[in-house]
1. Which number in (1) surrounded by fewer than 24 Cβ atoms within 10 Å (Cβ to Cβ); (2) modelled with pLDDT under 95 marks the one condition that Ala105 misses?
2. Just the residues that are touching a His at 6+ places or on another chain (Cβ under 9 Å) and open to solvent by 30 Å² or more (accessible area, probe 1.4 Å), please, taken from the stretch 296-319.
3. Could we say that Lys522 is among the charged types (D, E, K, R), surrounded by fewer than 18 Cβ atoms within 10 Å (Cβ to Cβ) and at pLDDT below 95 here?
4. Under 7 Å between Cβ atoms, at least 6 apart or on separate chains: pull out the pairs that start in the stretch 222-234 with a residue that is surrounded by fewer than 24 Cβ atoms within 10 Å (Cβ to Cβ) and end on any residue that is among the small types (Gly, Ala, Ser) and part of a loop (DSSP other than H, G, I, E, B).
5. Could you list, in sequence order, the residues of the stretch 229-268 that are of a type outside the set (D, E, K, R), part of a helix (DSSP H, G or I) and farther than 28 Å from Glu287 by Cβ?
6. Would you call Phe135 in a helix (DSSP H, G or I), in contact (Cβ under 8 Å) with a residue 60 or more places away in the chain and more than 16 Å from Tyr354 (Cβ to Cβ)?
7. Step by step: first the residues of the stretch 257-273, then only those that are in contact with a helix residue (DSSP H, G or I) (Cβ under 7 Å, 6 or more places away or on another chain) and open to solvent by 70 Å² or more (accessible area, probe 1.4 Å), then the one that is nearest to Val171 (Cα to Cα). Which residue is that?
8. With the requirement that a residue be assigned to a strand (DSSP E or B), under 27 Å from Pro390 (Cα atoms), in contact with a Ser or Thr (Cβ under 6 Å, 6 or more places away or on another chain) and open to solvent by less than 40 Å² (accessible area, probe 1.4 Å), what does the stretch 466-496 give you?
Amino acid sequence: MKILIIGGYGVFGGRLADLLSNIPEIDLLICGRDLNRAEAFCARYKGQARVHPLALDRADIVAVLHAQQPALVVDASGPFQDYGADCYRVISACIDACINYLDFADAADFVFGVSQFDTKAKAAGVFILSGVSSFPVLTAAVLREMAKTMTITSVEGGIAPSPYAGIGLNVMRAVAGYAGAPVKLQRYGQESQGVGLAESMRYTIAVPGHLPLRNTHFSLVDVPDLRVIPPEHPAMTDIWMGAGPVPEILHRALNLLAKARARFGLPSLEPFSRLFYAVLNRMRFGEHRGGMFVRARGSAGGGIERSWHLLAEGDDGPYIPSMAIEAVIRKLLAGEFPSAGARSGVRALELADYDALFQGRKIFTGFRDDDANTPLYHRILGSAFGALPPRLQELHGSRTARHWSGLAEVRRGRGPVAGLVSALVGFPKAASGVPIAVTFSPEEGAERWTRSFGGKSFSSMQSSGAGRDEHLLVERFGIASFALALVVEGEFLFLVPRHWSLLGFPMPRFLLPSGRSLETEKDGQFCFDVEIKMPLIGLIVAYKGRLNPSDPT
């Protein structure tokens, strides 16, 4: 199969070519206006697919299609917002030449308008699918899965790229173009308008059982989902989609510029896109992780909120937008063809197709249901709660008071500061084989843990985090509160510190206490191993042992 990729050496086209590299049956025409860049890409390309550089200007697409006669054209260039009155030139040429077509278009109006070619495409016997990327293909697949058990009325979603993912110049041009400009969307059941990059929300992407992303600032973006998803769900009244690029300080600077443009009627920010592009691609620090979320509200015999989360570690995340077209191409090679016609790619794939693509990569997904009546740890862990060993499920799976006891070993840090901190909190003194009793007492949606080591007690209050602590366990010792991520790895539940506060005031991350803390099951008993360290001080206290249910008397 011969596949012509317009923008084949660019960010999305290049990643698509990489994803297809293990398919020997295909020839990839790597096209673009700069032949030298196309040749350089082909020279360093590694894989079984055959690649060929080709100079191509969109204005010459008819002649190139006639000369090359590919089986499929993939448009990975853009920004599609800038193609003017003749924005569908490539689509028209493909229909006239009876060639199938896919694109990465992220412009809502462009993707929404493709259906005008439906009759011609059907007559030519070809499929024309637009917007075949994470937005809206993956979003739509998630919502169809949710719609099996609920009637969806409102949707919010967002993508948070890793700071190391890199952003293409054309993407930056598109974003700068609609920053501060009207964005068509649906609100309160009516066609309405938002303001690009001027409307924001915060959200925590947290795949059940995995380390969540840090709470992220998302801003409204003009993506196809806003136009093509509402018709899929007749009861839907509201939809909002955002992006959460980092560092946040630069993101907020774009917010201010977008608001200024909207407020004072300033011209487009597109002339500054090269500056934004240069700055964003040099400000790379923080965790090399990215993610995506879709949150739906609706009804299922009552009000319900359900969310889907995706987490991508390292270099796997940047490939996700190109995976939809990869999947369609692999289906074509297997003899599965989309029906003829021109439309958005909103139904190109199902969620199960993505599950197959994510296998073998550090990409994790999961659903969450917002149910306040669920026990604390179950609420935070979501579907990952069922992966815990039986004893852990027994201890954490109840909303009633309970009492467990056993034996423990305690170590204390050396030095006066470690001793002072231990004394203030009430941590036990060093001992071996000391009797331990723990009482779990529900209190207004939270849970008080009272630990007694050899008769000396100290307590903490555990609750589900909110706001920036969303999807985290918050444990409060007196004036200090610690937000902990619950991470499931095999038979272990790890409690990972993410941030902390004193008297409600956030404290610097470099002062965040650390230490390896976990729970597991061994020989049918609940086992714990807790270590608390502080920067510059070292070990404060460490205690480990085993517990079993017991009579509180």
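1. (1)
2. Listed by number, the residues that qualify are Glu313, Asp315.
3. Values: among the charged types (D, E, K, R): yes; surrounded by fewer than 18 Cβ atoms within 10 Å (Cβ to Cβ): yes; at pLDDT below 95: no.
Judged against the criteria, Lys522 is not a match.
4. So the pair list comes out as His233/Ala147.
5. The first filter runs over the stretch 229-268 and keeps only residues of a type outside the set (D, E, K, R), leaving 229-231, 233-237, 239-247, 249-251, 253-258, 260, 262, 264-268.
Checking which are part of a helix (DSSP H, G or I) leaves us with 230-231, 249-251, 253-258, 260, 262, 264.
Matches in the stretch 229-268: Pro230, Pro231, Ala260, Ala262, Phe264.
6. Details: in a helix (DSSP H, G or I): yes; in contact (Cβ under 8 Å) with a residue 60 or more places away in the chain: yes; more than 16 Å from Tyr354 (Cβ to Cβ): no.
For Phe135, the condition - in a helix (DSSP H, G or I), in contact (Cβ under 8 Å) with a residue 60 or more places away in the chain and more than 16 Å from Tyr354 (Cβ to Cβ) - is not met.
7. Looking only at the stretch 257-273, we keep the residues that are in contact with a helix residue (DSSP H, G or I) (Cβ under 7 Å, 6 or more places away or on another chain), and these are 266, 268-270, 272-273.
Adding the requirement that they be open to solvent by 70 Å² or more (accessible area, probe 1.4 Å) leaves 266, 272.
Working: Leu266: 21, Phe272: 13 Å.
Result: Phe272.
8. Val474, Glu475, Leu495
The values are calculated or read from the model by the stated rules, or taken from the named source; none is laboratory data. What you see is a predicted model; the values in this text were computed from it and never measured. All Cβ positions, even for glycine, are placed from backbone atoms using ideal geometry, and neighbour counts span all protein chains on display. Only protein heavy atoms, including side chains, enter the accessible area calculation; ligands, DNA and RNA are left aside. Shrake-Rupley method; radii C 1.70, N 1.55, O 1.52, S 1.80 Å.
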